[in-house]
Amino acid sequence: PIHPDTLPSLARAWTLPASFAPQIANDYAPRTVLKDGVLYVYDHHGRRLVAANAKSGKVLWHSPVPARSGLAFSFTPFVSKDRIFVANDGYLHAFELKTGKHKWKVGTKGVAVNGLARSKHRLFLPWIKIKGGKSLPGVMVWAIDARRGRVNWSKKYPGNIAYLAGDSNGAYYVSDTGVVLGLTADRGEPRWQVRVKGRITTPPIFSGGKLYILSARKKAGWSGSGIYAVEAKTGKLLW
């Protein structure tokens, strides 16, 4: 266990150089996800996805991840069934989980933000447009057939940044401005909408059919945070 008392006794077991392009300013650290004892590391600036044994650090495979520019937001690899997906400025890529073989890519028209969600065979990808170094209002969400890499539908939702979760009933959209939507998987139509107070800057936790949303709030010189629990099926604000 890691806590202040044990930190002095921790010993480094292995080291993997995560950033492979040190000459480029890396504003966002490489993102990782752990699945069945394998650590998947995505470094946007190094344009590479790496699978490493979590116990030994041995690299099992690595694959290039082409992008269109150096623009980047923090994007965590998404593992679903036998595939792993990553996105950047320009593309959504699908790789075979065990071998790293590239299966398909889909070209986007902006910069992917904050990760993917899935409902049955559909992947939900949020992305924004950048102009003059600034992001334009509105978040585009594409529903993509995870098997073939085809776009099923495209919708624009409110906010500047957004987070997504998904289950068999569809997708759940949480914007930085506090707008929360339950979306149908087949068309992306809102089934329900609720608004929470404050600004959302961290991904919601989706567990047990509920969305737990942390918001930052400022009022009368005081700043703090609030936690909201939303029932995913109905959109009811539980507390």
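The values are calculated or read from the model by the stated rules, or taken from the named source; none is laboratory data. Computed from a predicted model, the values in this text were never measured in an experiment. Virtual Cβ from ideal backbone geometry, glycine too; neighbours counted across all protein chains shown. Heavy atoms of the whole protein, side chains included, go into the accessibility calculation; ligands, DNA and RNA do not. Shrake-Rupley method; radii C 1.70, N 1.55, O 1.52, S 1.80 Å.
Things to note:
- Spacing of the modelled spin labels on TRP153 and ASP82, each 7 Å from Cα toward Cβ, amounts to 2.9 nm.
- Cβ-Cβ FRET estimate between GLU189 and SER9, R0 fixed at 41 Å, reported to 0.05: 0.15
- Charge dipole of the chain about the Cα centre (unit charges at C-beta), most positive-ward option of LEU7, PHE124, PRO203: PHE124
- The charge dipole of the chain, taken about the Cα centre with unit charges on the Cβ atoms of Lys, Arg (+1) and Asp, Glu (-1), comes to about 560 debye, rounded to the nearest 20.
- Rotationally averaged projected area of the chain (alpha carbon convex hull; nm²): 15.4 nm²
- Label zone (GLU96, point 7 Å along Cα-to-C-beta; backbone nitrogen cut-off 18 Å) within region 44-81: 49-52, 60-65, 79-81.
- Estimated FRET transfer efficiency when R0 is 41 angstrom, pair LEU16-ALA229 (beta carbons, to 0.05): 0.65
- Cα lying deepest toward the dipole's positive end in the chain, options SER154, VAL230, PRO30, charges on Cβ: SER154
- Carbon plus sulfur fraction of accessible area for the chain, probe 1.4 Å, in percent: 53 percent
- Looking at the chain, the accessible area is 54 square angstrom per residue; that uses a 1.4 Å probe and ignores ligands, DNA and RNA.
- Under 15 Å, Cβ to Cβ, from GLY208 - net charge with Lys/Arg +1 and Asp/Glu -1: +1
- Spin-label model, ARG217/ASP145: points 7 Å from Cα along the beta carbon direction are separated by 4.6 nm.
- Size check on region 77-117: the Cα extents along the three principal axes, sorted descending, read 29, 17, 10 Å.
- Scaled against the 2.2 N^0.38 Å expected of a compact globular protein of N residues, the Cα radius of gyration of region 130-239 reads 1.13.
- Normalising the average separation of contacting C-alpha pairs (under 8 angstrom, six or more residues apart) by the number of residues puts the relative contact order of region 158-225 at 21 percent.
- A crude spin-label estimate for the pair LYS134 and ASP167, with each label 7 Å from Cα along the Cβ direction, gives 4.0 nm.
- Extension gain (nm, one decimal) between LEU237 and LYS120, 0.36 nm per residue minus Cα-Cα: 39.6 nm
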